[in-house]
1. In nm, to one decimal, how far is the residue 122 label point from the residue 157 one, both placed 7 Å along Cα→Cβ?
2. Using only C-alpha positions, report the orientation-averaged shadow area of the convex hull of the range 121-225, nm², one decimal.
3. Which one of 112, 161, 21 has the biggest mean-square fluctuation once the chain is modelled by GNM with Cα springs under 10 Å?
4. Pull out the extension gain between residue 141 and residue 174, defined as 0.36 nm times the separation in residues minus the alpha carbon to alpha carbon distance; nm, one decimal.
5. Once the Cβ-Cβ distance between residue 52 and residue 275 is put in as r, and R0 is 35 Å, what FRET efficiency do you end up with, to the nearest 0.05?
6. Using r as the Cβ-Cβ distance of residue 241 and residue 111, and R0 as 30 Å, what FRET efficiency do you calculate, to the nearest 0.05?
7. How would you rank 204-213, 272-281, highest first, on the average number of other Cβ atoms within 10 Å across their residues?
8. For the chain, what is the calculated [θ] at 222 nm in deg cm²/dmol (nearest 500), taking -39500 (n - 2.57) for each run of four or more DSSP H residues and dividing by its residue count?
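Please treat every number below as a calculation from the coordinates, not as lab data. Because the structure is predicted, anything quoted here is derived from the model rather than measured. No Cβ is skipped: glycine too gets one built from the backbone with ideal geometry, and neighbour counts run over all protein chains shown.
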């Protein structure tokens, strides 16, 4: 695993020659965010090419990008074309779904017994099933919105048999989200989400980010990002958090091939908590 960041001090020679350096576990790009020397698309593609040449010798595919390098979209897109696994915090965000919900309820002082919650998901993997089971048992007014209702039939029967709870599963664009206070959007893209009649005051959490609500009357909170705090871990290099998001650092240290339940146990052991939820116009 390697961390990619910009140079910390202006260096005209490095910038002019597009020299990419490798230092320990860090790849340093000749980009100085504070200077006015804007990198062209062509230069960014060259930097991605040189980055790939360095990494090809290491057999490493996992990358963590600094907060500033993430803004260099052309460079990032080129890395994706080279098939690198760029840590973005999405996987961890979904693992923290119960914590996200509790955080919102506490911060907004909502009545958890009566609050209407909707989960939007089409990818019915082990993680989604674990999250749905958790929510069904803890929240009475829960809707599951999906295009793949048939994939949840087995889970629906299991929950009814074991817990006596009837799941509310559907995909009604007019009514499905019209009264929902909290929308947990696990994977619906923007063009699909905007086809639904969304509650004007809803709190929406987009776990894959990058969603804009186009409804003119929407006056709710549209969350696309987050940050965490880790209170009980000796494995994290906190010195990197000035340049890198802690959520990315922490996710990068986890093994996605591990059973989900083991990862969740480790998250609890490390005492990982939601530090803030970042919306377009506010921070919760």
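1. 2.6
2. In nm², the orientation-averaged hull projection of the range 121-225 is 6.4.
3. Taking springs between Cα atoms under 10 Å, the residue moving most is 161.
4. Values: separation 33, 0.36 × 33 = 11.88 nm, distance 1.79 nm.
Length gained, residue 141 through residue 174: 10.1 nm.
5. Details: r = 33 Å, r/R0 = 0.95.
Efficiency, from the Cβ-Cβ distance: 0.55.
6. Working: r = 35 Å, r/R0 = 1.18.
The pair residue 241/residue 111 has a calculated efficiency of 0.25.
7. Values: 204-213: 19.4, 272-281: 15.6.
Descending packing order for the listed peptides: 204-213, 272-281.
8. Values: 10 runs with 93 residues, N = 284.
Calculated mean residue ellipticity at 222 nm is -9500 deg cm²/dmol.
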